[in-house]
Each structure stands twice: as C-alpha cells, then as structure tokens.
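Data first, discussion second: the structure below is written as structure tokens.
The values are calculated or read from the model by the stated rules, or taken from the named source; none is laboratory data. These figures come from a predicted structure and were not determined experimentally. Cβ coordinates were reconstructed from backbone atoms using ideal geometry, including for glycine residues, and neighbour counts include every protein chain displayed.
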Amino acid sequence: MPLPAEFASLEPFTDWVLATERERYAKRLASSMAQMQAFYDAALPLLSRASAYLDQFPLGALPEPERDLLLLMMSLVTVSFPVEVWKQARVPDSGAAYLDLVAEPRV
Amino acid sequence: MPHFAKPAEGSWTEHYPELGTGPVDYTDSVDPAYYEAERAAIFRHTWLNIGRVEQVPKTGSYFTKELAVAGTSLVVVHGKDGAIRAFHNMCRHRGNKLVWNDYPGAEVKGTCRQFTCKYHAWRYSLEGELTFVQQEEEFFGIDKGAYGLKAVRCEVWEGFIFVNLDPAALPLADYLGEMAKGLSGYPFGEMTEVFTYKAEVGSNWKLFIDAFTEFYHAPVLHQKQAVKDEADKLFRVGFEALHYELHSPHAMISSWGGMAPPKDVNMVKPIERVLRSGLFGPWDRPSIEGLDPLPAALNPARHRSWGTDSFHFFPNFMLLVWAPGWYLTYHYWPTAVDRHLFEANLYFVPARTARERLAHELAAVTFKEYALQDANTLEATQTMLKSRAVSEFPLCDQEILLRHLHKVTAGYVADYVKEHRDAAAR
C-alpha cells in the first residue's frame, strides 16, 4: 500500500514502516549512518506537514496509508538521536546494556 | 554561591543532622551476606508496589508478579466484590504454582472466572476460596474452608497496588506517610497510555536508585545529549536541586528544567522543535483536570523553573512527576547482590492525535537514550566496588538522597540482625 500521495517522496524509505519500537530500534542498530542520514534528510522536512495531515484522522482509526506514514515518522524519531547527536547508531558508552520496550501504545 | 536557596544550616544534608556528612561505606552493595539480610529485613516487611489498578480493570482480571527477592510469586486479582487481592501463587493441594503458562518463571496476565490448578484441577474463586477438589471423596474429610489460597496484604494508594508479606505490617497509608498524602489527587488515573521498559542490570539494586536520585551526574554523563553550547553551559554551572525533603524511609528531590517551550529554540535538537517534546515530555500540557493547581507535594519550592519531582518510596519504587503533565515509575527488583531487574513505565494522557502520539514517542525514545547510559555506568561501578580496593566514598550535598537510602537500609538490616540475636538469646 503506497503512502498518502502528498508524501510519495518518502516511498524509497518504506522499509522503515515498522509496527513496534523493537523492530525500529533493531533496524537503527543494523543501519549505516549514510542510510539513516538519507532517511532523516528526506523525512524531517516533511514531519511538520505529516503531523498536520495525520491530525485530520482519528488516531485510533487511521487508514492503512496514513498509519504507514505515522509509523514511518516514528522511525524518524528513532533515528533522530544517531543523526542529530551521536553520529553513530548505538548510544555511546552504553556497552552491553539494553532496555527492551515490552509494552507500548500500538497504532 | 548556590543558585537556589539552601536551608539555614547551610546545606540540605546538615538540615538532617542524623545523616552526618562523612564518607559512606558501599560494602552494602557488594556483600552477599548483607544482601541476604536485606531480603529478610526489608523485602519481606515493607510495602512493595507491584502495579496499577488499570492492570486489573474488571472482575476476573489478574496478573502474576515474580518476587524473587522475597522468594515467592504472587497472583493479583480483581474480585467479584470489586476488591483487589493478592495471594501466594500456590495451590494448597501439593504446592504447585497455580497461575502460569508454558514457563513457570514467566509473569502472565489475563481474565478468568476462577483459577484451576494444572496439576490436579483444584479450583479457587477470584476471592481465593477453594471451591472444587478433584475426587474429593478420596480425601479424609477435607475442610475446603481451611484450604483457600494464602493471602498477602494488598492495599491501594492512588491507584498503585502495594503488597506486604508481613501480616503484622502497619497499613499502607501509614507506611507511605506525609509524602504520599501530599500527592493525593494527582490525576494518575487519567494517564493510561503506557510505555513499559525492562532490563536486567548488572548492579546492586541500590546503585540504580542512587543514579536516579541525584542529578549531579546529568551535565557530565549525559553531556553529549544536549546541543553543544547548552551542554557546555550545563557542565560549567553544574547541578543544584530546587529542594530536597526526607520523610524517612522515603525521600524526594525537586528539580528545575524542561524548558517547555525553551527560551531559545536553538537550545534544542531539530526534531524537538518540530514535535514540541523531549526528555521532559511534550511541551504542551494535556487538557485534563487536576494539573492546576498541583497537589501540595509537587514543586515544594514553588519555583517557576520547576521541571520534575522524583519521589523515592522505600525500598524500590520511584515516582517521577513532570511539569508538562505526565509521570513515570521505576522499580528495581533485586535478583542477586550484583543484579536486579529494572522496570520503567512512562504514563501519558492517551494521545488523541498523531501529533500527540509522536510527541510521546520522542519523550519515550529520549528516555531510553539516557537510561542506557545510566544502566551501563552502573555495571562499571559495581565491578569496581566489588574489588573492595576502596569502600568508603564522599557524597556531596546534591547526593543527600543516596546518603539517606544507604542509612535507612542499614537501619532495617541492623534492627533485623538485633531482633534475631535477641530471639536466639532468649
């Protein structure tokens, strides 16, 4: 299912449409900085417009293209720290520490 | 020169003279015998928070809680009469664990009309009564009334479910005391959108409480999380809390921060500017009742820069209330002297729009970035403490809650040891 037409420029990044934080975080750890930077550069300028667009729909009943867009933007949030702060996928000095999100509000 | 007023004694620590100002001995975090004493003295006698009423919303809703530190497993259930009860998760026939799926050690939740033991089909009502014995005629006049599930003290404060394994313990409200009274009325029940994080951490349980009851570390350990100019300023200035308060065995720290919205948007990261959210949560307060005015215990210094209050309810429960109108909890469940299970729950008023949901997501993601740095540092601390090359450490005034925690813990352990010695002598 394609993204809403207005956001067609994000189609190359639909592998970031992932339903859970666990999947999003795993993809972040498995991605290169170049991949995350490309996704970030394409998506961040559209984030504000996407929020305004999605707010026309009730959150609990998003049609599939709109739900995919929201999940894509949640992945943008996931990669924002590597791109804006760390310059690497992992949290620096986090070693073997982990923190699993075992329950989250699903969309 | 302090930026925020301190008590007349000159420091927060000296305001509570029983704490002293000398170095603190951290043998309490590496000694296996001390840990065993903590288990007996503290975790079998104090009120432990094991969840919220929203986890058992209707008749028959239940969840199990593994309490390795107290050597048991509990089942918590919403009865037909509306009461929430806790029982040892144990069949009265021959001691089989009553409620579990597939893996006996894994916590489960669900809804049922009664509990049926997997072993011989003994059945119990939601109120814990034994209602059915398979082939009852084979027993020797068994009195079903005498074989109900073994109950555990279970009481609720502001929607938080607590248990206590000591039948003689004071009521929960007395134990939680003044600090909890001051929080009454906060709209915890409206904040039902939950993010639950879990991790096993390679440190003594008290070390993680230490990390989360002082922010002296924040401008240093988390330096790289802020935009550079802001980080440099924070490092230079250091950290001072707005206020501390001890209500032994509990305590709280009140902190400034949050910048919601920031004075200068260049102080925050690009995504925070778009989503109007960050570590301190969404910048825009949810439109619910109960946030203005706030209960008396919040922002005790009545400071306009107030950002968050952290309440530590002894032994292992922390409650953080954030200025923008959400809260989070921490639980530290010891599994060994140098290990514990860490659980964090973030609670928001449910998002109505995608924009609100994204703001929550950014707060949750940011929380994880910080907590990962904190958790890993603890393992580094634990391994060096274990060397016992040095055992005593100087704590500063901004670490008053740590000094208090270790002192309170020592008090419980000493009382317990003394009681046992006296009992043995009798």
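Filter the helices (runs of 4 or more DSSP H) completely within the stretch B:157-221 down to those with at least 1 residues that are surrounded by fewer than 17 Cβ atoms within 10 Å (Cβ to Cβ). I'd like the intermediate steps shown before the answer.
On the way: elements: B:172-181, B:205-212, B:218-221.
Those helices (runs of 4 or more DSSP H) span B:172-181, B:218-221.
Within the set B:Leu346, B:Leu341, the sole residue that is surrounded by fewer than 20 Cβ atoms within 10 Å (Cβ to Cβ) and in contact with a strand residue (DSSP E or B) (Cβ under 6 Å, 6 or more places away or on another chain) turns out to be B:Leu341. Counting the residues of the stretch B:343-372 that are closer than 17 Å to B:Glu200 by Cβ and either facing chain A (nearest Cβ under 8 Å) or at pLDDT below 95 (or both) gives 4. Just one of the numbered conditions (1) on the phi < 0 side of the Ramachandran plot; (2) free of Cβ contacts under 8 Å to residues at least 40 places away in the same chain is not true of B:Glu200: (2).
Listed by first and then second residue, the pairs with beta-carbon distance under 9 Å, at least 6 apart or on different chains, first residue in the stretch B:150-175 and on the phi > 0 side of the Ramachandran plot and at pLDDT 95 or above, second aliphatic (A, V, I, L, M) and part of a loop (DSSP other than H, G, I, E, B), are B:Glu158/B:Leu183.
Of these, B:Ala410, B:Ala414, B:Ala375, which one is farther than 27 Å from B:Tyr186 by Cβ, at pLDDT below 95 and among the small types (Gly, Ala, Ser)? Before the answer, list the steps.
Values: B:Ala410 fails: at pLDDT below 95; B:Ala414 fails: at pLDDT below 95.
The unique qualifying residue is B:Ala375.
The test for being surrounded by fewer than 17 Cβ atoms within 10 Å (Cβ to Cβ) and within 26 Å of B:Glu54 (Cβ to Cβ) holds for A:Val102.
Scanning the stretch B:40-72 for residues that are part of a helix (DSSP H, G or I), under 24 Å from A:Glu104 (Cα atoms) and in contact with a helix residue (DSSP H, G or I) (Cβ under 9 Å, 6 or more places away or on another chain) gives B:Val53, B:Glu54.
Picking from residues in the stretch A:88-107 that are under 17 Å from the mean Cα position of the chain (by Cα) and more than 7 Å from chain B (Cβ to nearest Cβ), the one that is farthest from B:Val108 (Cα to Cα) is A:Gln88. The single residue among B:Gly182, B:Gly159, B:Gly145, B:Gly141 that is of a type outside the set (D, E, K, R) and in the same structural domain as B:His247 (by TED's automatic domain parsing) turns out to be B:Gly182. Only a single item in (1) without any contact (Cβ under 8 Å) to a residue 24 or more places away in the chain; (2) in a loop (DSSP other than H, G, I, E, B); (3) closer than 29 Å to B:Ala199 by Cβ is not met by A:Gln56, and it is number (3). Is it true that A:Leu70 is part of a helix (DSSP H, G or I), within 13 Å of chain B (Cβ to nearest Cβ) and more than 30 Å from B:Gly202 (Cα to Cα)? Criteria met by A:Leu70. For the stretch B:373-411, the candidate set comprises residues that are surrounded by fewer than 15 Cβ atoms within 10 Å (Cβ to Cβ) and β-branched (Val, Ile, Thr); within that set, the residue that is nearest to the other protein chains (Cβ to nearest Cβ) is B:Thr383. Residues that are within 13 Å of chain A (Cβ to nearest Cβ) and part of a loop (DSSP other than H, G, I, E, B) do not occur anywhere in the stretch B:232-250. Within the stretch B:51-64, being buried (at least 20 other Cβ atoms within 10 Å of the Cβ) and under 17 Å from the mean Cα position of the chain (by Cα) holds for B:Gly51, B:Arg52.
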